[in-house]
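The values are calculated or read from the model by the stated rules, or taken from the named source; none is laboratory data. Computed from a predicted model, the values in this text were never measured in an experiment. Don't worry about glycine lacking a Cβ; one is built from the backbone with ideal geometry, like all the others, and counts go over all protein chains shown.
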Amino acid sequence: MRRITLTQYLVEQQREKGVVSGELRLLIEVVARACKSISNAVSKGALTGLLGGAGTDNVQGEAQKKLDVISNEVLLEANEWGGHLAAMASEEMEHPHQIPNRYPRGEFLLLIDPLDGSSNIDVNVSVGTIFSVLRCPEGVKDPDEKAFLQPGARQVAAGFAVYGPSTTLVLTVGNGVAGFTLDREMGSWVLTQPKIEIPVDTAEFAINMSNMRNWSAPVKRYIDECLAGKNGPLGKDYNMRWVASMVADVYRILTRGGIFMYPQDAKHKEGRLRLLYEASPMSFIVEQAGGAATNGHQRLLDVQPERLHQRVGVILGSRNEVERVSGYYKPAD
């Protein structure tokens, strides 16, 4: 059986499907190479002395891990010189990262969550990298924060890597979703999931139950119904899974279905996850795989960002389950 690499897949999307330009293909390949480097650093764990805190906070006031800082630097350095980008933005940085004048500039904007789920690093649980690609607005030569404030529906590509027992890369360029596995001996990403599709129904939910006291009525109603099992209104027993790494939780949903919820609540009034770095790229991927994504009131890909580090409520996964929860919000809208 012929093995298809990431490069071959992207060339096919470029030549036969017409959904990827040469510049976008090269940009995705650069990001994928950076993810290999991050995977290598993560996999060595305590051997390199890179576990634990960095002693600094990110722009959201969250304590950074050493690997947060290193992952951010790896992605910035890998992408700034290639000539494909107009600017980059990172969850770890307050302002956009401008491309140095000594390098050529391209037509795309790159947004990154360098190491999602980094609170799990020290306990050897899966973490990952999330990325989103937008076009730089026409006529903008020096992109500032405003250039990045585009709804998720305008993304031209999105993906994430999971650094787990195997390192996987999930990618969409707007033509479905494909999954790749890193062959460490060969150093290449190999296509292992040509067409990822999320089952429309599920019997699995993922939510942080410690926030139960803060949930809104629609969320509490849905989870209560799940917990009621086959004798309840949903007529089936549900399992709960919660990794606390969005990349791992979403990858599970892409693999076997489910619903992931980190909604707005009394504690997180805006929501907990970042719209541009987490919610938008994951929503693009989930929708391309046949799922749905909402904040309860609105399709997430239609939300107009107002700030670079804006937070939002997230409910995504198997379409029928997401639509059920959305329906519970409607009487309150």
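Take Tyr222 and decide whether it is within 29 Å of Leu110 (Cβ to Cβ) and in contact (Cβ under 8 Å) with a residue 60 or more places away in the chain.
no
Go through the range 128-162 residue by residue and tally those that are over 11 Å from the mean Cα position of the chain (by Cα), of a type in the set (Val, Ile, Thr) and modelled with pLDDT of 95 or more.
Matching residues across the range 128-162 total 2.
Any idea which of Asp224, Asp237, Asp249 is within 30 Å of Lys36 (Cβ to Cβ) and either out of contact with any helix residue (DSSP H, G or I) (no Cβ under 9 Å at 6 or more places or on another chain) or surrounded by fewer than 23 Cβ atoms within 10 Å (Cβ to Cβ) (or both)?
None of the others qualify; the one that does is Asp249.
For the list (1) free of Cβ contacts under 8 Å to residues at least 60 places away in the same chain; (2) of a type outside the set (Asp, Glu); (3) assigned by TED's automatic domain parsing to the domain that holds Ser71, I need the number of the one condition that Val177 fails.
(1)
Of all residues in the range 163-209, how many are within 28 Å of Gln264 (Cβ to Cβ) and outside any loop (DSSP other than H, G, I, E, B)?
Matching residues across the range 163-209 total 8.
Can you pull out the residues in the range 99-141 that are assigned to a strand (DSSP E or B) and within 15 Å of Val30 (Cα to Cα)?
Result: Phe108, Leu109, Leu110, Leu111, Ile112, Pro114, Thr129, Ile130, Phe131, Ser132, Val133.
Looking only at the range 131-153, how many residues end up being free of Cβ contacts under 8 Å to residues at least 24 places away in the same chain and surrounded by 15 or more Cβ atoms within 10 Å (Cβ to Cβ)?
So the count comes out to 1.
Within the range 138-150, how many residues turn out to be in contact with a helix residue (DSSP H, G or I) (Cβ under 9 Å, 6 or more places away or on another chain) and within 25 Å of Leu10 (Cβ to Cβ)?
Here the count works out to 2.
Considering only residues that are buried (at least 23 other Cβ atoms within 10 Å of the Cβ), under 17 Å from the mean Cα position of the chain (by Cα) and closer than 21 Å to Ala248 by Cβ, which ones fall in the range 170-205?
If the condition is that a residue be buried (at least 23 other Cβ atoms within 10 Å of the Cβ), under 17 Å from the mean Cα position of the chain (by Cα) and closer than 21 Å to Ala248 by Cβ, then Val170, Leu171, Val177, Ala178, Phe180, Ile198 are the ones that fit.
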